[in-house]
1. So for the range B:60-175, taking the charge dipole from beta-carbon charges (+1 Lys/Arg, -1 Asp/Glu), which of B:L131, B:V106, B:V143 sits furthest toward the positive end?
2. Let me have the relative contact order for the range B:182-291, percent, based on Cα pairs under 8 Å that are six or more residues apart.
3. Determine the shielding of peptide A:65-76 by partner chains: average, over its residues, the number of Cβ atoms on other chains within 10 angstrom of each Cβ.
4. In what sequence, highest mean first, do B:129-140, A:110-121 appear when ranked by Cβ atoms within 10 angstrom?
5. Taking each residue in B:44-55, count the Cβ atoms of any other chain within 10 Å of its Cβ, then average. What number comes out?
6. Peptides B:216-222, B:205-211: what's the order by average Cβ count within 10 Å, highest mean first?
7. Sort out for me the Cα centre separation of the range B:92-168 from the range B:64-85, rounded to whole Å.
8. Defining a contact as two alpha carbons under 8 Å apart and six or more residues distant in sequence, what relative contact order in percent does chain A show?
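Just so you know, all these numbers are worked out from the coordinates, no wet-lab data involved. Since we're looking at a predicted model, the values are computed, not measured. No Cβ is skipped: glycine too gets one built from the backbone with ideal geometry, and neighbour counts run over all protein chains shown.
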Amino acid sequence: MNATWPAIHFTVNGASCSVTVPPMKRLLDVLREDLHLTGSKEGCGEGECGSCSVRMNGELVNSCLVPVLQAEGTQIETVEGLAVDGELHPLQVAFLEHGGAQCGICTPGVLMAATQLLAHNPHPELPEIREALAGNLCRCTGFMRIFASIQAAAAAAAPSAKGEHHARQS
Amino acid sequence: MRGNPEAHQLVAPGSLGGVLELMAREPGEWTPIAGGTELMVAFSAGRLTAPRLVSLWGISELRFIQVTPETIAIGAGATFLDMRRHKVLSDELPLIARASGWIGSVANQSRATLGGNLVNGSPAADSSPALLVYDAEVELISVRGRRRIPYAAFHSGYKSNIMAADELLFAVHLPRRFAAHRQYLRKVGTRRAMAISKVALAATARLENAVVREIRVAAASLAPFPVRLVKTEAALLDRPLGRESLLAARAALLDEARPIDDIRSTADYRRQVAVNLLEEFLLELRRERVRQ
């Protein structure tokens, strides 16, 4: 059967990759076992917990539910790609400062879901943060600190229209 | 037991024609897989029995939302995020956008497709009640050609439908004539996000001089597949909306609902909630009548 496996090409955090594995192998397992990117975690393996969240062509996906053949030609972003040249991403800084990570299992997925949210909505309200994170379960139950970390990261980025308004008033 | 990726064949012809030819050559041999939010869950758990799968993901001929003067056509490969983000769909047929927001999390909505939701045919399918009250038609395609049937005639039993072994769901067609109707959709589940519904009810209606001139009511989890509640509709149609018709509609719903006990809820609870949702909709409709 090995002979029938096609080579599958995609990029991970900007780097080109080619893997020759069973096409039904889960993207999560290819990332962890073949590419040794173990940041993405397996929690439930059924798309409920979000620990394996990565971005595929700019959309958030559960990598445990993606057969790797469907990643052919796509751009994958994982938690390993957030920090650039050793410099933490603003979300990672905020999670450190605000205690957004406890045991850390959900954190890579939470960071990717937060990245997805801020890419579309740089200054989300709390209900929008809650909705965007609804698919990421933290069993340390640190949700309030996670939400606070995301709000802090958003505030640390370019000032919002609201912020500018306040600045003009004062 | 975990799924073994070597035990399943997965191919990606990359075009609609390629998929249809494969399905025509070996009818029933190939299981289509789109965003994988159903089949990959079964795979991960070692429960996927399909030996050969054909990928529909990335086939642009299936992923579209097309607006014409009379209808909105949604390709079977459109994701729930695609539907949530579509302006005309959200404005005119808002129940679909709202149901799309219930389908799991963002990471599920980015992958789960309308076609997958319908073909999977869960009795609790989130998109189904909305499609039923909008008089949706489904378009099926095979190498033999295309055919269109009312969505209400698509499901034939628990997780089964009327598609032939070589057919694929191509698109869902929605008439653009409900913008002025009173529209209702509510899902009752254990939590707002991610939860599979215990029961969901959708309705659209149009009043004329306080008389119900058009009404459609549909539900998930009240039968082996999502259904129009035709007796409930008949109890309301062409009658003035008042206490009498409300009581008749409640009785009709209790008579025609066929819910079951399962891990998510009980038949009794589902029946009770369904009639309460119906009443909530009818009271909303009556308030609108008072305003007229």
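1. B:V106
2. About 22 percent, as a whole number.
3. Per-residue shielding by partner chains comes out at 5.
4. Output ranking for B:129-140, A:110-121: B:129-140, A:110-121.
5. Numbers: counts 10, 2, 0, 0, 1, 0, 0, 0, 0, 4, 0, 5.
Whole-number average of other-chain Cβ neighbours for B:44-55 is 2.
6. B:216-222, B:205-211
7. 12 Å
8. 22 percent
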